[in-house]
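In what follows, a single structure is set out as structure tokens and then discussed.
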Amino acid sequence: MGNLTKIKQRFTLILGILSAINLLLIIYLLLPGSSASGRLAQERSLQEQETALANEVKPLRGIDQQLAKTREDIKTFYEQKIPSQFSQISQHLEKLMQETGVSTQGIHYTQNKDQAEKHDLPDVQRIDIDTTVTGEYAKVARFINAMEQDKFVFIIDQISLNSQENGVISLSIKFQTFLKS
């Protein structure tokens, strides 16, 4: 009987060890990434993440060259489209009026240095201009079109019809331009 007790104890010990090994194997199989299908799923997930991140970063590739080009474009814009003296603005407006065949009684400029707004450009002042132009409808229309397509920046804010007699119209025009500081 002593022998049977020893065999029973050994059997219980072996059964306990096998149960522990079985439990460890079950835990190993249930862990994510431990099986072949789990590793494949994890690999697919990582590839999707890589693709998403690559697409997210794609627009930023070459940004340093784009910034350098933008700075050069801004410099060119300032040089070509923003006058540095009031006389350039008035001479240019007079030239546009002569080319289109309209006349004016005067041009009123307002330079507002104290009204620096958040959207103003650095080293540039906004100049408000009021004038009244008179001429045939087609000539006034050409003048407005010439302003919109001009090499200098003219932003038309308001146009008001003052009078109309015998095919000649008179328009009040309020617009803005810029001057280098």
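Assorted remarks:
- Residue within segment 156-177 that is surrounded by 14 or more Cβ atoms within 10 Å (Cβ to Cβ) and within 27 Å of residue 71 (Cβ to Cβ) present: yes
- Filtering segment 166-175 to residues that are of a type outside the set (Ser, Thr, Tyr) and under 17 Å from residue 104 (Cβ atoms) leaves 168, 169, 171, 173, 174, 175.
- Considering segment 143-181, the residues that are of a type in the set (D, E, K, R) and assigned to a strand (DSSP E or B) include one that is farthest from residue 100 (Cα to Cα), namely 180.
- Of all residues in segment 71-87, those satisfying the criterion of being in contact (Cβ under 8 Å) with a residue 40 or more places away in the chain and either touching a helix residue (DSSP H, G or I) at 6+ places or on another chain (Cβ under 8 Å) or in a helix (DSSP H, G or I) (or both) are 78, 80, 81, 83, 86.
- Taking the criterion of being surrounded by fewer than 14 Cβ atoms within 10 Å (Cβ to Cβ) and over 18 Å from residue 94 (Cβ atoms), the residues of segment 134-147 that qualify are 137, 138.
- Boolean, residue 117 is under 24 Å from residue 181 (Cβ atoms), under 23 Å from the mean Cα position of the chain (by Cα), loosely packed, with under 14 Cβ neighbours inside 10 Å and modelled with pLDDT of 85 or more: no
The values are calculated or read from the model by the stated rules, or taken from the named source; none is laboratory data. The shown structure was predicted, so the numbers you read here are calculated from the model rather than taken from an experiment. Note that each Cβ is placed from the backbone with ideal geometry, even for glycine, and that neighbours are counted across all protein chains shown.
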